[in-house]
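Each reported figure results from applying straightforward, stated rules to the coordinates on display, with no laboratory input. Please read all numbers here as calculations on a predicted model, not as lab measurements. Note that we place each Cβ from the backbone using ideal geometry, even for glycine, and neighbour counts take in every protein chain shown.
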Amino acid sequence: MSKILELKNINKTYKGTSETLHILKDLDLVINEGEFVSIIGKSGSGKSTLLNVIGLLDSIDDGEIYIHGEKVDRTNHQKIDLLKNRDIGFVFQFHYLLPEFTALENVMLPALLNNFNDKKNIEEKAKKILDSVGLKERYSHKPNQLSGGEKQRVAIARALINDPKIILADEPTGNLDEETSNEIHNLFRKINRENNQTIIVVTHSRELANITDKRYSVKNGKLFLEN
Ligand SMILES: Nc1ncnc2c1ncn2[C@@H]1O[C@H](COP(=O)(O)OP(=O)(O)O)[C@@H](O)[C@H]1O
Ligand SMILES: [Mg+2]
């Protein structure tokens, strides 16, 4: 199995005016291609910080990040932008869909940002992805015309449009009822199985953690593999 992601000796602090919070401490992690992994831990333990570090959304104090064996050069902003847009898909607790755009347009947007001339193909692809997440009849709905679960499905479809190698999700069902949450959990499982995409999900949901291949917990700035 090939490593898709490796973190080595990651340290992350937040410096306030009077105090410094050391959130990630010499943290190591290896994730293999195609794994579906969950990260659990108490509120404030650093789960979102870790996911943002993996997603190259946040800086680190020191340590190394490798994506597909290639060390991420944090000074190369162009490369970082490319990795973020092409190799990583992000799903948050709140969907962050653009309210003025339809479901279809929201899904198309990250692909259009790469290639404005390919609108026709991108539209076809976005429709296929929306179909695969169960939204065949919702192309032209605006976010406020969709249920909570449907909005989250659109956000997941948007995260898939550029065929990312790694999908990161931060409490993707934290805001949904149990039944809708279970549907979204099954959708992640399906995406992982059918596309062999690597998924790392931060969650408070035992049900979701239980269907992942591996469970890690964040404690005292480090990761522990659970059984
Ligand atoms: N931008 C920030 N500046 C300062 N402190 C922060 C910032 N973001 C998070 N923290 C602190 O870091 C800790 C970990 O936060 P977070 O990663 O969001 O935890 P979790 O997602 O596990 O609930 C918290 O105690 C939080 O107060
Ligand atoms: Mg969090």
| query | Considering amide H positions built from the backbone, and no H for Pro or chain starts, which residues 5 or more places from residue 23, or on another chain, come under 5 Å of its amide H? | reply | 12, 13, 14
| said: Taking the Cα centre as origin and putting +1 on Lys and Arg beta-carbons and -1 on Asp and Glu beta-carbons, what dipole magnitude results for the chain, to the nearest 20 debye? | reply: 80 debye
| Quick one: what Rg and Dmax do you get for the chain from the alpha carbons, in Å? | 17.5, 54
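In nm², what is the average projected area of the convex hull enclosing the Cα atoms of segment 1-123? Before the final figure, lay out each step's value.
Values: hull surface 41.4 nm².
The number I arrive at for segment 1-123 is 10.3 nm².
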| request: Between residue 71 and residue 109, take the C-beta separation as r, use R0 = 30 Å, and let me know the FRET efficiency to the nearest 0.05. | output: 0.50
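Which value results when the Cα radius of gyration for segment 66-173 is divided by 2.2 N^0.38 Å? The partial results should precede the final answer.
Details: Rg = 14.3 Å, N = 108, 2.2 N^0.38 = 13.0 Å.
Working it through for segment 66-173, the quotient is 1.10.
In which sequence would 206, 86 go, from the one with the fewest C-beta neighbours within 10 Å to the one with the most? Please report the intermediate quantities before stating the final value.
Working: 206 10, 86 14.
Final ranking by Cβ density, sparse to dense: 206, 86.
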| query | If you count, for each residue, the other Cβ atoms within 10 Å and average over each peptide, how do 25-36, 103-114 line up from highest to lowest? | reply | 103-114, 25-36
| note | Diffusion coefficient in µm²/s returned for segment 110-182 by Stokes-Einstein, Kirkwood Rh over C-alpha pairs, 20 °C and 1.002 mPa s, is 161 µm²/s
| message | For segment 1-57, take the convex hull of the Cα atoms, compute a quarter of its surface area, and give me that in nm², please. | response | 4.6 nm²
| query | In what sequence do 202, 37 fall when counting other Cβ within 10 Å, fewest first? | reply | 37, 202
| remark: The equivalent-ellipsoid semi-axes of segment 96-227, taken as the square roots of five times the Cα gyration tensor eigenvalues and listed largest first in whole Å, are 28, 17, 13
| query | For residue 20 and residue 136 in one chain, what is 0.36 nm times their gap in residues minus the Cα-Cα distance, to one decimal in nm? | reply | 36.9 nm
| query | Most exposed first by the Cβ proxy, i.e. fewest other Cβ within 10 Å, how do 88, 67 rank? | reply | 67, 88
